Each structure stands twice: as C-alpha cells, then as structure tokens.
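Since every read-out is calculated from the coordinates, none of them should be taken as a lab result. Just so we're clear, the structure is a prediction, and the values are computed from it rather than from any experiment. As a convention, Cβ positions derive from the backbone with ideal geometry for all residues, glycine included, and neighbour counts pool all protein chains shown.
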Amino acid sequence: MRKQPILFSGIAFGLLLLGIPGCNTVPVTGRTAINMVSDEYVIKESIRQFDLMKSQYPLSKNLGYIKMVREVGEKVIAAASTDIYLTEWEFLVFENPSIFNAFAMPGGKIGVFTGLFKAVKTDGELAIVIGHEIAHMTAKHVNERLSKQKLSQAGRVGLAIITSGQSSLVQGAILDTYGLGCSMGGLGFNRKMEKEADEIGLIYAARAGYNPTAAYALWERILAENSNLALSKPLSTHPSYLTRIRNLREAMPEAIEEYEITQSSVHKTNHMEGIIIQ
C-alpha cells in the first residue's frame with residue numbers, strides 16, 4: 001500500500017532536479033507540448049543519423065521515384081511553410097524494397113525507401129505520407145520524446161535516492177514498476193504523436209492541393225502489404241489499422257475544408273490570369 005506514495009515522491013523529486021520544463025505549441029492541433037531539448041541539438045543529431053543512413057543504404061537510381069519525391073515534397077513543404085523555418089532541403093530515395101518506410105528529419109532531411117512504393121501509387125498518396133512525416137518535425141515530436149526521456153531518467157534518480165534506505169529487494173521492485181510505467185506511458189505518448197501527425201499531415205497535403213481522401217486508398221494498400229497492422233498490439237508504438245482509419249475519418253472534414261479552400265484559390269487565380277491574358 002505504500003508503493004504509490006513513494007513512486008509519486010520520486011517523480012516529484014525528479015521534476016525538481018530538472019526545474020520547470022519549457023513548452024511549445026503544436027501547429028494545427030494547438031496542443032501544448034513539453035520541450036526541454038534545444039532545436040540545435042536535435043538538428044545536429046538528426047543530420048548525423050541521416051549521414052549514417054546514407055553510408056548504410058544505397059541510393060535509388062529510379063528517376064521516376066526521385067522526381068516524384070522531390071516534386072511532391074516541395075509542394076507539401078511550401079504548404080507547411082508557416083510552421084517550418086528551414087529553407088534548404090535534401091530529398092533522397094533509398095534503394096531497399098523490403099523497407100516500407102519514409103521519414104522527415106529536423107534539419108531538412110527527407111528520405112523514402114523504395115519499399116514504400118508498393119503501397120504509394122499516386123502523388124496524392126505520397127503527399128499523405130510526406131505530410132505525416134513533416135508533421136512529426138513541425139510538431140517537434142523528437143524534442144518531446146527526448147524531453148520525456150529526461151523526465152523519466154530524473155524520476156529514476158529521485159526514486160533511487162528516496163528508496164536508498166530500504167532493502168535492495170523492495171528498491172528493485174519499485175524501480176522496476178516505475179520503469180514499466182515509463183515504458184507504457186511512452187508507448188501511449190507515441191500513439192498520440194502518430195494520431196497527431198496523421199491529423200496535421202492531412203492538413204499539409206490538403207493545403208498543397210492534394211485530396212486528403214487519398215489516405216483511405218493508401219492505408220488499404222499498406223494493410224495489404226502488412227496484414228499484421230490490422231490488429232492492435234498492446235506494446236506497439238503505432239495505432240492499429242482500424243484505429244488509424246477511425247482517426248483519419250475524424251480529422252477528414254477539416255482537411256477536406258482546407259482542400260476546398262485551396263482549390264477555390266487556385267481556380268480564382270487561374271480565372272484572373274485568363275482575364276489578364278485576354
């Protein structure tokens with residue numbers, strides 16, 4: 001019965017060690033997120049990891065894929081420009097048909113593995129993917145995850161000090177319990193980030209002029225390529241297929257509204273250009 005008060009005391013002590021954390025506001029959703037890590041640090045580490053990837057994976061020579069990634073990526077980035085302070089970007093397609101993935105790293109690094117094109121068939125579908133990845137970056141999810149790790153580590157330091165007078169058996173049990181709690185909390189946190197990136201990514205794709213409903217066909221193909229995604233896994237960091245579709249449906253009305261606004265603006269511009277030419 002005494003375990004819970006000790007646990008919360010340790011967390012509180014860890015927070016005191018770190019001081020008051022900083023925050024940032026996530027674009028589109030408006031959520032306030034914890035941020036105790038500098039952008040400079042995240043960018044430096046991201047570029048280092050990107051350079052490491054370039055040394056580990058060969059670059060694709062498929063000119064169609066390369067052109068598609070660059071053109072779609074530039075449009076989505078332009079649509080997200082109010083949330084991005086970067087001006088230089090690097091787009092790479094990595095040759096590995098078995099890797100079903102894409103990413104956008106702080107520092108302006110976008111990578112797509114050729115395996116993703118088993119599901120991505122149109123520019124609109126690629127825009128959904130790139131929009132999602134850029135959303136992770138503009139929402140500063142990396143900063144948030146690192147900040148949470150810092151809090152977790154500080155909590156463990158506090159617990160170690162507070163439980164130092166108890167037997168090693170009791171101390172180990174408390175620390176193990178706290179460790180599992182951090183793990184499960186982190187997973188929920190990651191699922192929340194994925195849901196948020198889906199929502200923001202739809203908006204970015206729509207603002208770039210791509211119909212956000214392309215997400216449905218995309219995820220049907222992703223499910224076909226990865227049948228295990230249909231079921232929710234308790235320790236998975238990503239939501240199940242069914243959960244993801246439900247989340248997309250909830251976010252879709254706002255994305256469609258953004259898409260219609262973009263299309264209306266394009267039509268007005270084209271109409272005015274036609275009048276001037278005449």
Check your understanding: Using the 10 angstrom Cβ neighbour count as an exposure proxy, how do 57, 259, 204, 65 rank, fewest first?
Key -> 57, 65, 259, 204
Exercise for review: Please arrange 89, 219 by counting, for each residue, the other beta carbons lying within 10 Å of its beta carbon, fewest first.
Suggested key: 89, 219
Point to revise | Point-charge dipole on Cβ atoms (K/R +1, D/E -1) for the range 26-148, about Cα centre, debye to 20 | key: 260 debye
Exercise for review: Quick one: work out Rg over Rh on the C-alpha atoms of the range 71-157, Rh as Kirkwood radius.
Suggested key: 1.07
Practice item. Can you check what the net charge comes to around residue 26, using other residues whose Cβ is under 11 Å from the Cβ of residue 26 (Lys, Arg +1; Asp, Glu -1)? Key: -1
Practice item. Can you figure out the FRET efficiency of residue 264 with residue 81, using R₀ = 22 Å and their beta-carbon distance, to the nearest 0.05? Key: 0.65
**Study point:** Per-peptide average of other Cβ atoms within 10 Å, ordering 246-252, 96-102 highest first
**Key:** 246-252, 96-102
Check your understanding: Considering only Cα-Cα distances, which of the following residue pairs are longer than 30 Å: 121/195; 61/192; 61/148; 54/121; 44/195?
Key -> 61/192; 61/148
Check your understanding: Net charge near residue 141, counting Lys/Arg +1 and Asp/Glu -1 over other residues with Cβ under 10 Å of its Cβ?
Key -> 0
